[in-house]
C-alpha cells in the first residue's frame, strides 16, 4: 500500500528500475527513492516497508490514521486511485 501511495503521489515507483531483481535489491538494501514524497509520507512509507517486521505498522488502518494528521490532498489522491482502478481489467 505504501509503495502504491507513493506512486500515486509522484507518478513513479520509488525504484531506480522496475526489473524484479533491482526492486528486490533496493528493498533489501533500504534504498527506496522516496524523495518525491512529502516528508511525512516518506517517513510513514519507510516504516511500512521496514525490513524488520516488528518495526512496521500492524495494519493499513494504522497507516491511514497516521497520515490523517498530514496535509494530504485526499480528494486528489482518491481521484488518482479511481483512475488506477478504472484501468484495471
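Values quoted throughout were computed directly from the atomic coordinates according to the rules given, and no laboratory measurement underlies them. Owing to the predicted nature of the structure, the values given are computational and were not obtained by experimental measurement. Cβ coordinates were reconstructed from backbone atoms using ideal geometry, including for glycine residues, and neighbour counts include every protein chain displayed.
Over the chain, what is the mean sequence separation of C-alpha contacts under 8 Å (at least six apart), divided by residue count, expressed as relative contact order in percent?
Computed over the chain, the figure is 26 percent.
Taking only the Cα atoms of the range 40-89, how large is their convex hull per residue, in Å³?
Measuring per residue, one finds 102 Å³ for the Cα hull of the range 40-89.
Helix-only mean residue ellipticity at 222 nm, the chain, DSSP H runs n ≥ 4 weighted -39,500 (n - 2.57), per residue, nearest 500. What is it?
-17000 deg cm²/dmol
Compute the Rg/Rh shape ratio of the range 2-87: radius of gyration over Kirkwood radius, all on alpha-carbon atoms.
0.96
Using 0.36 nm per residue, how much length does the chain from residue 22 to residue 52 gain when fully extended, once their Cα-Cα distance is taken away?
Here the segment from residue 22 to residue 52 would lengthen by 8.8 nm.
Between residue 13 and residue 75, with labels modelled 7 Å along Cα→Cβ, what's the label distance in nm to one decimal, could you check?
3.2
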